[in-house]
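The values are calculated or read from the model by the stated rules, or taken from the named source; none is laboratory data. This is a predicted model, so every value here is computed, not measured. Note: ideal-geometry Cβ built from the backbone for every residue, glycine included; neighbour counts use all protein chains shown. To get the accessible areas, we keep the full protein, side chains included, count just its heavy atoms, and leave off ligands, DNA and RNA. Shrake-Rupley method; radii C 1.70, N 1.55, O 1.52, S 1.80 Å.
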Amino acid sequence: MAESERRAGTTEEVTPPLQQCFMIPKKEINMVSDMAKWKRSQAYADYMGFILTLNEGVKGKKLTCEYKVSEPIEKLVALLNTLDRWIDETPPVDQPSRFGNKAFRTWYAKLDQEAEKLVATVIPKHLASAAPEVAVYLKESVGNSTRIDYGTGHEAAFAAFLCCLCKIGVLRVDDQMAIVFKVFNRYLEVMRKLQKTYRMEPAGSQGVWGLDDFQFLPFIWGSSQLIDHPNLEPRHFVDEKVVNENHKDFMFLECILFITEMKTGPFAEHSNQLWNISAVPSWSKVNQGLIRMYKAECLEKFPVIQHFKFGSLLPIQPVTS
């Protein structure tokens, strides 16, 4: 495993030393010139290493395949089930504006209040002092309660939340497939329900020129799942029949299905970037291209990264070689 991936915490099999000083993560990227600090940071190296380790872990695997499900994975799914239940308990309110239903703020206030308790259910007692730090990433991962919007920065906060759980040894190297297929997939379901129920706005969307209004990571990991597939090629994901028959096995196709449910009109018009990607000859080329695009369009964009928070687990300090 590459050195950067080893640093990413997914290989930490040992319980970390107890003397770690946890802290409440805070913003460090306040102006465009701070972006260089982010790209040199331990946080960036660890975050990217985590994304790429999981990308390797799910390569050629179906969502429905057999994989190990540890107790922390089960607890994370239970946490996400709680968030889902709170949506049912917080119906949208009647309001003049179609978008950005204010009931989202009520739902979010509950998460804001309960996040540390929820995180404490996932981590062992001897790591209880990590809960306030890790909980910040959970709170950041569900959208903005002022603007009632959601975008790839919020999605990145959830990946950072999972990365932190790896770094403190709660999630381990053999949890890789379950992290993506069980936890992240459940997170996506809950986010889609939030987006639909409260008619959330896309945060910083590039409209028709962006990959997707809300997500990016499931396209990366989803394209990795399809590498070397015997029949499905990139050209097939714009075929409705293929999507309907295979979406339960592949995250990428699940994303396409959600787009077609939410948008009307020709696919080439409402999702031009994805339409272009369907012309790429192989899934490995799609996967590599999406990783490059993710770095350029999300991780290297100030409007996205200015909201990212840094603490003891994802530090702003430069990478120590």
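Annotation: residue 231 fulfils all but one of (1) touching a residue at least 12 places away in the same chain (Cβ under 8 Å); (2) assigned to a loop (DSSP other than H, G, I, E, B); the unmet one is (1). If the condition is being open to solvent by 30 Å² or more (accessible area, probe 1.4 Å), in a helix (DSSP H, G or I) and touching a residue at least 12 places away in the same chain (Cβ under 8 Å), then segment 242-256 contributes 244, 246, 254. For residue 34, state whether it is surrounded by 13 or more Cβ atoms within 10 Å (Cβ to Cβ) and within 17 Å of the chain's Cα centre (by Cα). No. Of all residues in segment 258-298, those being part of a loop (DSSP other than H, G, I, E, B) and open to solvent by 80 Å² or more (accessible area, probe 1.4 Å) number 3.
Of all residues in segment 128-156, how many are part of a helix (DSSP H, G or I), open to solvent by less than 10 Å² (accessible area, probe 1.4 Å), hydrophobic (A, V, I, L, M, F, W, C) and in contact (Cβ under 8 Å) with a residue 24 or more places away in the chain? So the answer is 4.
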